[in-house]
Amino acid sequence: MNYLSGTGIVGAIMTGVTLLRGSRDTKITWRSALAWVSWGITLALSIGAVIDTRRAKQGRPVSPDSPVYAKQQKEREKEAKKQRSEGVKPIKR
């Protein structure tokens, strides 16, 4: 439920509602078709962002073309560096 309140999903839903209200009594023109295609792309991208965020929080791999991928790689590098530093213990004298 946390992901559904994201700004991308909310914005896409609100835009869809606005398009529905605006196109209720009008003919379908190339402009309205283009608006619906644009809305579909926006909705698909926002759903993809939610899926990638969820996968990253679960520790599962994310697609390299996702904006979440860079953040996930930084976190993995930080964890690997931390594990390497913990693995090498200083000699007590």
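Computed from the coordinates by the stated procedures, all read-outs in this text should not be read as laboratory data. All values derive from a computational prediction rather than experimental measurement. Neighbour counts run over all protein chains shown; Cβ positions are idealised from the backbone, glycine included.
When the helix-only estimate is applied to the chain (DSSP H runs of n ≥ 4, each -39,500 (n - 2.57), divided by the residue count), what is the mean residue ellipticity at 222 nm, nearest 500 deg cm²/dmol?
The per-residue figure over the chain is -25000 deg cm²/dmol.
About the Cα centre, and with charges only on the beta carbon of Lys, Arg (+1) and Asp, Glu (-1), how big is the dipole of segment 1-85? Nearest 20 debye, please.
320
So for segment 3-87, averaging the separation of alpha carbon pairs under 8 Å that are six or more residues apart and normalising by length, what relative contact order in percent results?
25
I'd like to verify something in the chain: which complete DSSP H helices, judged by Cα projection on the helix axis, reach 18 Å or more and average at least 0.0 on the Kyte-Doolittle scale?
Span-like helices here: 7-22, 30-58.
Taking the Cα atoms of the chain alone, what are Rg (to one decimal) and Dmax (as a whole number) in Å?
Cα-based Rg and Dmax for the chain come out at 21.8, 85 Å.
Quick one: length gained pulling R76 to R55 fully straight, 0.36 nm per residue minus the C-alpha distance?
6.2 nm
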